[in-house]
Amino acid sequence: MMAFFSGAQRFLRQSSFVVASHFTSTRFTSTLTSPKLFISGLSRLTTDEKLTEAFSPFGQLLEAKVITDRASGRSKGYGFVTYATIEDAEKARAGMNAKFIDGWVIFVDPAKPRETRPPQQPQSQPSGAGFTVNKTIGWCG
């Protein structure tokens, strides 16, 4: 019985080392293809200046932008930072992921290229009676 437990302990130690070494080697290989990072989980109070201050120690920061709502001007809770090199961006990603800014935990991921949007549909022209057609509801006056 004792031989079984010592064999099981040895197996667990070896397998946990393999798992840990696998994650370690995977974690430190660069997966970035661009020096631009997507920052999510930002507080509504975080500004471009605070983002710049938090990310500037990791290298030459070209831009730090918190995305805001057009109507209210408030933060949407995410932003982007762009570095001069991919290496600087990789350092920032490793150093800032799951850290706190303005009391909120942020997450740092590679930025994805912007998707192309379909062209806008032309607006309905008013008819002679002053009515327009709203295709989702029907007639509006």
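Worth a mention:
- Derived scalar couplings between HN and Hα for the range 87-93 equal 4, 5, 5, 5, 5, 5, 4 Hz in order, rounded to whole Hz, by the Karplus curve 6.51 cos²θ - 1.76 cosθ + 1.60 (θ = phi - 60°), x for Gly and Pro.
- Amide H within-cut-off set for residue 68, under 5 Å, with H built and near neighbours excluded: 76
- Viscosity 1.002 mPa s, temperature 20 °C, Stokes-Einstein D of the range 36-110 from Kirkwood C-alpha radius, µm²/s: 178 µm²/s
- Accessible area per residue was computed with a 1.4 Å probe on protein heavy atoms; residue 107 scores about 100 Å².
The values are calculated or read from the model by the stated rules, or taken from the named source; none is laboratory data. Note that the structure is a prediction, hence the values are computed from the model and not measured. For the accessible areas, the whole protein counts, side chains as well, though only heavy atoms, and no ligand, DNA or RNA atoms are used. Shrake-Rupley method; radii C 1.70, N 1.55, O 1.52, S 1.80 Å.
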